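Every read-out reported here was derived from the displayed coordinates using simple, explicitly stated rules and does not represent laboratory data. Source: prediction; values computed, not measured. A quick note on method: Cβ atoms are made from the backbone with ideal geometry, for glycine too, and the neighbour counts reach across all protein chains shown.
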Amino acid sequence: MLRFEPERFAAVPRNSATVLAGIFVWRDHHWWVRWTSRSSGFFLGAFAVAIIAFPFLFPIALGVRETQAHPLESVGLAIYGLGAVSLLVWIHWQLRSLAVVPADPSARVRWTPSVLGAALAIGIVTLVGVTLHGASSRTAIELAHKEVGPGYRFWISNLSVFGEHGRARVLAYNDSTIQTVNVDW
């Protein structure tokens, strides 16, 4: 059980997460500390897998072309993503510190939320990878290739299949342009 112990706070710098967690622990709201630290661990595990899997799901050449076409949006998205992950790391680190969690090392390291987040991300990445490399996606790419002609590489950004019928949004790209091709079959 978590208890507020003022002597533990004496050696820790006064930053907002530690102080906020201390206030919640002091008022017997340790559910907040556990929930927040577990949630941040869950999302950190999911983001770690997503960062590793991203190059395998999204073509790097298309990403470079999108960055060249929309540099401000790309930089803004990168700053937003890095800021969100940095905030999660900071929150998780602060809420798992000795000032908040008892000195027992087994109580400080909780891998279960991170493992569950990573497992969820692996499941989603696998599902998306299988979906985007199936027979329906090959059909969509063939139809898009007929529409735009040679000299393009293709990536499916949206795919819906209803029995024998389907609809897809395919991005056809090369070094100078990106075209969106909607195909139905």
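Structural remarks
- Note on S74 and S157: their simple-model spin labels are 1.5 nm apart, each label 7 Å out from Cα toward Cβ.
- Alpha-carbon geometry of region 135-184: the Rg and the Dmax are 10.5, 36 Å, given in that order.
- Extended-chain gain in nm, criterion 0.36 nm per residue less alpha-carbon gap, W90 and T112: 6.1 nm
- Environment charge at V148 (Cβ cut-off 14 Å; Lys +1, Arg +1, Asp -1, Glu -1): +1
- A Förster radius of 25 Å combined with the Cβ-Cβ distance from I178 to T131 puts the calculated FRET efficiency at roughly 0.70.
- When only Cα pairs below 8 angstrom with a gap of at least 6 residues are kept, region 135-184 shows a relative contact order of 34 percent.
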